[in-house]
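Visitor: Following this message is one structure expressed as structure tokens.
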Amino acid sequence: MKQIRPAYEALDQNGRPFMRPARIIDDLPTPECRLAACDEAADAIAQLLGRPASRRIAFGLPVFAAFMTAPEAKKHPQRKLLETRGCDISLDLCANYN
């Protein structure tokens, strides 16, 4: 079921609050939403990498921990994505939020 990206209160360059659509998993309002988004992102990342996740993407750990070892991730063409923490994954990788 498609989700509308929730509004998120962020700060502008002058430190004043403003509302914007959520951009990363950490912007989602509940732990349940974040966990579901991590699972959706794992499917999309598995397709990008051409290999399945060996475990769930953890919210606070780098993405590579679900797919490979740190030395493998450092040599991989998708290194930047693999070194991203689960909470910082873009919602663009989550099918329900696209």
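The values are calculated or read from the model by the stated rules, or taken from the named source; none is laboratory data. This is a predicted model, so every value here is computed, not measured. Positions of Cβ are generated from backbone atoms using ideal geometry, with glycine treated the same way; all protein chains shown enter the neighbour counts. What goes into the accessible areas is simple: the full protein's heavy atoms, side chains included, and nothing from ligands, DNA or RNA. Shrake-Rupley method; radii C 1.70, N 1.55, O 1.52, S 1.80 Å.
Visitor: What is the one condition in (1) open to solvent by 30 Å² or more (accessible area, probe 1.4 Å); (2) under 18 Å from Asp26 (Cα atoms) that Arg51 does not satisfy?
Guide: Of the numbered conditions (1) open to solvent by 30 Å² or more (accessible area, probe 1.4 Å); (2) under 18 Å from Asp26 (Cα atoms), the odd one out for Arg51 is (2).
Visitor: From the list Ile45, Ile57, pick out the single residue that is of a type in the set (A, V, I, L, M), in a loop (DSSP other than H, G, I, E, B) and either surrounded by 11 or more Cβ atoms within 10 Å (Cβ to Cβ) or without any contact (Cβ under 8 Å) to a residue 24 or more places away in the chain (or both).
Guide: Going through Ile45, Ile57 in turn, the sole match is Ile57.
Visitor: Would you please name the residue that is most open to solvent (accessible area, probe 1.4 Å), looking only at residues in segment 63-81 that are touching a Leu at 6+ places or on another chain (Cβ under 8 Å) and more than 24 Å from Pro21 (Cα to Cα)?
Guide: Gln78
Visitor: Hey, another quick one. Scan segment 71-86 and give yes if some residue there is modelled with pLDDT of 95 or more, part of a loop (DSSP other than H, G, I, E, B) and within 23 Å of Arg5 (Cα to Cα), otherwise no.
Guide: yes
Visitor: Take segment 60-70 and flag every residue that is in a helix (DSSP H, G or I) and over 17 Å from the mean Cα position of the chain (by Cα).
Guide: Ala70
Visitor: Could I ask something else about it? Looking at Arg51, Arg55, Arg16, Arg20, which is the one that is within 19 Å of Asp92 (Cα to Cα) and not polar (S, T, N, Q)?
Guide: Answer to the check: Arg20.
Visitor: Filter segment 20-39 down to residues that are open to solvent by less than 60 Å² (accessible area, probe 1.4 Å) and farther than 16 Å from Gly60 by Cα and give me whichever is nearest to the chain's Cα centre (by Cα).
Guide: Filtering segment 20-39 for residues that are open to solvent by less than 60 Å² (accessible area, probe 1.4 Å) and farther than 16 Å from Gly60 by Cα, the one nearest to the chain's Cα centre (by Cα) comes out as Ala22.
Visitor: Also, I was wondering about something else. Take the residues in segment 82-98 that are under 14 Å from Ile24 (Cα atoms) and hydrophobic (A, V, I, L, M, F, W, C); name whichever of them is surrounded by the fewest Cβ atoms within 10 Å (Cβ to Cβ).
Guide: For segment 82-98, the residue satisfying everything is Ala95.
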